[in-house]
Every structure is written in C-alpha cells, then in structure tokens.
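Okay, structure first, notes after.
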Amino acid sequence: MSEPRAQSPTAEAGAVRPVVCAKCSRPNPSGAQRCELCRGHLFIVCRDCGATNARTEPRCHQCNRRLHRSIGEKLNPVGAKSVSMRWVYAMAAVLLVTLALYLLVRYSGLPIFD
C-alpha cells in the first residue's frame, strides 16, 4: 500500500499529521514550512497550477504535472551542449599547441631530451 500524502499547510485544519522531510526523513509538525533538523523545504509549489504539494510527491495532486526535474534534465540543462563543445574545442587547441611545442623542442637540436 502507498503511504498517505502529507497535508499542505492550507489543508483542512482537522488533520494533524506530521510532515516528513524529503532530505533527512524527520517528521515535522503539521504547520511547518521548513524541516526543524536540516532546514530543508517541506513543500513545493507547482509551476503550472500553483498548488502546494509535499516535497516528497513526484507529481502535483491537482494537475498531475511532474514536480521535480529528471536526472537527464539536471545533467543537461538548456545550453549545456554548446558549453561542452566549447570545452572540447579548447582542450583540442591546448593539445595541438602542446604537441607543436613538443615537436619544435624535440627536433630543434636542443639537448633537453637527451
């Protein structure tokens, strides 16, 4: 069976259930916005409908939108491909300059590598 959802601070006043922190798993009082132990946020606001959801929930309870970014979105944010390609070009340029300097010094006749 699935665990019951944590109530948001705007939920009915009769339900007094502790809100479990997503970071440290500590139960917190019902009206708390941040964890008493680690100070992590207990709730997240949906970007589409604005509903307040428990941070442990994967989807919004009103519109069913995904509340958290996937691992792929975290690893490849917008524009990351162009940044990584610039890094590849810079490393290739450094490698070519290093190789050119090595060949220049190696075959210049200086007794560095003897």
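Just so you know, all these numbers are worked out from the coordinates, no wet-lab data involved. All values reported here derive from a predicted model rather than from experimental measurement. Neighbour counts are summed over all protein chains in view; Cβ atoms, including those assigned to glycine, are modelled from backbone coordinates with ideal geometry.
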TODO: Please state which of the following conditions Ala22 fails to meet, knowing it meets all the rest: (1) in contact (Cβ under 8 Å) with a residue 24 or more places away in the chain; (2) over 18 Å from the mean Cα position of the chain (by Cα).
DONE: (2)
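Looking at segment 50-70 only, could you name the residues that are among the hydrophobic types (A, V, I, L, M, F, W, C), part of a loop (DSSP other than H, G, I, E, B) and either in contact with a strand residue (DSSP E or B) (Cβ under 6 Å, 6 or more places away or on another chain) or surrounded by 13 or more Cβ atoms within 10 Å (Cβ to Cβ) (or both)?
First, the residues of segment 50-70 that are among the hydrophobic types (A, V, I, L, M, F, W, C): 51, 54, 60, 63, 67.
Checking which are part of a loop (DSSP other than H, G, I, E, B) leaves us with 51, 60, 63, 67.
Hits for segment 50-70 are Ala51, Cys60, Leu67.
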